[in-house]
Amino acid sequence: MTNQLNAIERLAEVKQERMQKNLKARYAKEKRFQVYGIMSICLGMAFLAMLLGTIFYGGASSFMTSEIKLTINYDPDVIGVTDLTDEDELKWADWRGLLSTSLAERFPEVSGRSAVRQRNALVSSIAEYSLRDRLLANPEKLGTSEEIWIVADDEIDAVMKGQVDRTVPESERRITDLQLSLIDSLEAEGEIRQKFNTTFFTAGDSREPEQAGIRGAMIGSFYTLLVTLLLSFPIGVAAAIYLEEFAPQNRLTEVIEVNINNLAAVPSIVFGLLGLAVFINVFHLPRSAPVVGGLVLTLMTLPTIIISSRSAIKAVPPSIREAALGLGASKMQMVMHHVLPLAMPGMLTGTIIGMAQALGETAPLLMIGMVAFIADIPGGPLDPATVLPVQVYLWSDLPERAFVAKTSGAIMVLLGFLAIMNLLAVYLRKKFEKTW
Amino acid sequence: MTTNTNDELAQIFEGWSSTVGKPTLKDNARMTTRGVDVFYGEKQAIFGVDLDIGKNEVLAMIGPSGCGKSTFLRTLNRMNDTIDICRVKGDIHLDGDNIYDKKMDVVNLRARVGMVFQKPNPFPKSIYDNVAYGPRIHGLVTRKAELDEIVETALQKASIWNEVKDRLDQPATGLSGGQQQRLCIARTIAVSPEVILMDEPCSALDPIATARIEELIAELSENFTIAIVTHSMQQAARVSSRTAYFHLGRLVEVGATDKIFTAPEHRLTEDYITGRFG
Ligand SMILES: Nc1ncnc2c1ncn2[C@@H]1O[C@H](COP(=O)(O)OP(=O)(O)OP(=O)(O)O)[C@@H](O)[C@H]1O
Ligand SMILES: [Mg+2]
């Protein structure tokens, strides 16, 4: 027995004091870390809010449009058509005349070539075609008259939305003083109104902002994603199952694995070039078509789906596999009955994330011609079409003021779809997890 | 040549020539193994094991950790096939059929030699579906009523019927650990196997649940042949009629359980059961 304290006993004497000091430092460190964390989250949220704010601020107006109330007299003499079934006569019909006579009746005081032209420019330059369609659909209206709301020109719409500064000199405005006074008188009579812009959701693309809609792009996106989903989900899941459960662990599978990971990092435009070279030039699939877009995006999303499906399969506990095999299940039965259902939420999440990426993808689609101006709404995956992000890109390039708002409007729609897809991912995840 | 031939091993197995006791049975053998070697890659885990398992007997396998009990047990229903690097040499017969024969179908084999694992591993499905799974995949039943009957009988034999009969459609994962293990036993016996292999079936359970499973094993031995790996010598003594002692991949001694525990012949066996190592 020695009187000397050993190291542990000596430590016991100073332990509390030292620990207090150390604890303080530890807590301070933890606090600091939390503050950093909160700061970075705030920063992220701020950027998100800024982004969404600008888009909503700029895009909200695209969901409204202006209309002018006019009395249209379907006078056969004005149109120059007596028989609505006669193709030849229809070819020469003057639909524009319907609008100009109606405007002349509404504003008889306007005279002079230039003034008349300004007056006629109040309504959309392609409103005449909706009048034609209306009359052809209801031929009995020929010779009668009715009051209807006609879409206003986008410049007039801008005035209604308060986007035009009336104090700047007339020469620097795209709208004349005469037009302003006409608008004011219409407004005083309640003959001009703003309403929800259904055209934006029901029409295809157009050179005229007030007639341009995103339905074509929406349907194009739908067909493209449909093709992508139908191809990439089964192929990706099958590849993941094969690689995880059946493939022997050797050099070849290692090489495949590395290459799949590499593919996930290949810039998407490369897939577009590949699609152009293979699907269009070799297989002669139609240009600008959602099928080709879908094929290209399938190539792009496959790595994402395979990688996430493989990790979902890996996460299935080995004890479940052993239980199934121990009961005499074949490997296929083990996979189908136990592994796949348990891995499904992870696979679906990966797939939807891949789909969301595909929905927002522009570059590869430019390469295969989905960037063309297409006014018609595609009727199937083989028709020429464009997609939402490409529509955004196209509109953002146009000079008219109204297209700036439309660009933001299209982005909002795109973001809406992305949000829906992500919610769907969360929902599916919850739903499949509930069944244990 | 194996990587196991180090000095320590050489020392321990100095003078060890072959298994002490009677590893083989004259008749009445359900499973026989002859000269079984098992390798994990280059490393040999089991060395030339000859052992018979008799009809309706409970054979306990004991031995220090890492001696190869699980490995040996898993060769008996070819669960080792699932490990890529694992190779098995030697002969293993079940009722006269060579189970490593090309003609032997593993699916069929595992329906004849069932397995209960160390950790209860019910499927994340209902209690009913867990038990019905085996009969379903093997196409053993044609009518729902028949399946119901099988499920009920299996649960009764596993003495868990009274606890679950009102909640057959509820998730099996909601049962307690001991209940889950009895459910796994019910699931195994629902395909009416000839042999049941159990790898430390009670190691995750408390004493009461363990006692119930031990009782169950005694009852099951009336209908089934059971090979059980255990770390508890008391358990081996309570449930088994014969005991096999493994050490570093060798089958050191086999004999009637009471003899092994009262009068072991080999020094290693004696050291182990008297608690000198293991
Ligand atoms: N999958 C594997 N790959 C490589 N070696 C393995 C594998 N499984 C077991 N082994 C080795 O084989 C030997 C026997 O292992 P085994 O699991 O059969 O021992 P055990 O007797 O069951 O031990 P325990 O009582 O701890 O469960 C050990 O040395 C172990 O490291
Ligand atoms: Mg073990």
Next item on the list: Positive end of the charge dipole of the protein assembly as shown (Lys, Arg +1 and Asp, Glu -1 on Cβ, about the Cα centre): tell me which of A:PRO341, B:ALA209, B:LEU268 has its Cα farthest that way.
Entry: B:LEU268
Checklist line | Residue-level accessible surface for A:PHE33, protein heavy atoms, 1.4 Å, Å² | finding: 150
Check: If we count every other residue with Cβ under 15 angstrom of A:LEU243's Cβ, Lys/Arg +1 and Asp/Glu -1, where does the sum land?
Finding: -1
Check: Over chain B, what percent of the accessible surface lies on carbon and sulfur atoms, probe 1.4 Å?
Finding: 48
Check: Can you list the equivalent-ellipsoid semi-axes of the range A:206-313, largest first and in whole Å, using the square root of 5 times each Cα gyration tensor eigenvalue?
Finding: 33, 16, 12
Next item on the list: List the lysines whose Cα lies under 18 Å from the Cα of B:LYS157, skipping any in the same chain that are fewer than 8 positions away.
Entry: B:LYS165
Check: Can you tell which of A:LEU131, A:GLY112, A:GLY143 lies farthest toward the positive end of the dipole of the range A:86-195, using +1 and -1 charges on the Cβ of basic and acidic side chains (Lys, Arg; Asp, Glu)?
Finding: A:GLY112
Notebook entry, point to check: Tell me which lysines have Cα within less than 18 Å of A:LYS406's Cα, excluding those fewer than 8 residues away on the same chain?
Noted result: A:LYS161, A:LYS195
Notebook entry, point to check: From largest to smallest, what semi-axes in whole angstrom does the protein assembly as shown give when each is the square root of 5 times an eigenvalue of its alpha carbon gyration tensor?
Noted result: 80, 32, 24
Next item on the list: Towards the positive end of the charge dipole of the range A:64-204, with charges on Cβ (+1 Lys, Arg; -1 Asp, Glu), say which of A:GLY80, A:THR167, A:ALA93 has the farthest Cα.
Entry: A:THR167
Next item on the list: Whenever you get a sec, compute what percent of the accessible area on chain A sits on carbon and sulfur atoms (1.4 Å probe).
Entry: 62
Item checked: Cut-off under 5 Å, modelled amide H: who pairs with B:VAL20 long-range -> B:GLU253, B:VAL254
Next item on the list: Tabulate in residue order the Karplus-calculated ³J(HN,Hα) for the range A:404-415, using 6.51 cos²θ - 1.76 cosθ + 1.60 with θ = phi - 60°, rounded to whole Hz; enter x for Gly and Pro.
Entry: 4, 5, 5, 4, 5, x, 5, 4, 4, 4, 4, 4
Next item on the list: Please express the shape of the range B:17-273 as an equivalent ellipsoid: the semi-axes are the square roots of 5 times the eigenvalues of the C-alpha gyration tensor, given largest first in whole angstrom.
Entry: 31, 21, 16
Margin query: Let me spell out the model: positive unit charges on the Cβ of Lys and Arg, negative unit charges on the Cβ of Asp and Glu, origin at the Cα centre of the range B:17-273. What dipole size does that give, in debye rounded to 20?
Written below: 400
Margin query: Taking only the Cα atoms of the range A:250-353, how large is their convex hull per residue, in Å³?
Written below: 139
Notebook entry, point to check: When the dipole is taken about the Cα centre of chain A, and only Lys, Arg (+1) and Asp, Glu (-1) are charged at their Cβ, what size is it in debye, to the nearest 20?
Noted result: 3440
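Does the range A:150-200 come out rounded, prolate or oblate, given a ≥ b ≥ c as the square roots of the eigenvalues of its C-alpha gyration tensor, rounded meaning a/c under 1.5 and, failing that, prolate meaning a/b above b/c?
oblate
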Notebook entry, point to check: Which links in A:LYS314/B:LYS125; B:LYS69/B:LYS89; A:LYS31/A:LYS430; B:LYS89/B:LYS259; A:LYS331/B:LYS119 stretch past 28 Å when you go from one Cα to the other?
Noted result: A:LYS31/A:LYS430; B:LYS89/B:LYS259
Note to self: With every protein chain kept in place and ligands, DNA and RNA left out, what is the accessible area per residue of the protein assembly as shown? Probe 1.4 Å, answer in Å².
What the structure shows: 50
Next item on the list: Enter the angle in degrees (range 0 to 90, nearest 10) between the Cα long axis of helix A:177-189 and the first principal axis of the Cα atoms of chain A, meaning the one along which they spread out most.
Entry: 90
Margin query: For the range A:299-436, compute Rg over Rh where Rg is the Cα radius of gyration and Rh is the Kirkwood radius from the inverse mean 1/r over Cα pairs.
Written below: 1.16
Next item on the list: Please name the residues of the range A:294-320 whose accessible area, counted over protein heavy atoms with a 1.4 angstrom probe, falls by no less than 20 Å² between the chain alone and the full protein assembly.
Entry: A:SER319, A:ILE320
Next item on the list: Obtain the nm distance between the two label points defined at A:TYR427 and A:ARG134 by a simple spin-label model: each point lies 7 Å from its Cα along the Cα-to-C-beta direction.
Entry: 3.8
Next item on the list: Starting from one equal scatterer on each C-alpha and no solvent at all, send me the Debye-based log10 I(q)/I(0) for the range A:64-204 at q = 0.14, 0.20 Å⁻¹, two decimals.
Entry: -0.69, -1.25
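Interface A/B, total buried accessible area with a 1.4 Å probe, nearest 100 Å²? The partial results should precede the final answer.
Numbers: alone 24410 and 12990 Å², together 35630 Å².
Using a 1.4 Å probe on protein heavy atoms, the buried area is about 1800 Å².
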Note to self: With +1 assigned to the C-beta of every Lys and Arg and -1 to the C-beta of every Asp and Glu, and no other charges, what is the dipole magnitude of the range A:1-153 about the Cα centre in debye, to the nearest 20?
What the structure shows: 2460
Next item on the list: Determine the order of B:LYS165, A:LYS161, B:LYS103 by accessible area, beginning with the largest, at a probe radius of 1.4 Å.
Entry: B:LYS103, B:LYS165, A:LYS161
Next item on the list: List the aspartates and glutamates whose Cα lies under 18 Å from the Cα of A:LYS21, skipping any in the same chain that are fewer than 8 positions away.
Entry: A:GLU13, A:GLU30
Next item on the list: Along each of the three principal axes of the Cα atoms of the range A:2-60, give the extent in whole Å, ordering the values from largest to smallest.
Entry: 86, 13, 8
Note to self: 5 Å is the cut-off here: which amide hydrogens, built 1.01 Å from N in the peptide plane, fall below it relative to B:GLN44, excluding neighbours closer than 5 in sequence?
What the structure shows: B:THR3, B:ASN4
Notebook entry, point to check: So what does B:ARG112 come to for accessible area, using a 1.4 Å probe and Å² rounded to 10?
Noted result: 40
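The values are calculated or read from the model by the stated rules, or taken from the named source; none is laboratory data. Please read these numbers as outputs of a predicted model, since none were measured by experiment. FYI the Cβ positions are ideal-geometry reconstructions off the backbone, even for glycines, and counts take in every protein chain you see. Side chains are part of the model used for accessible areas, which takes the heavy atoms of the whole protein and leaves out ligands, DNA and RNA. Shrake-Rupley method; radii C 1.70, N 1.55, O 1.52, S 1.80 Å.
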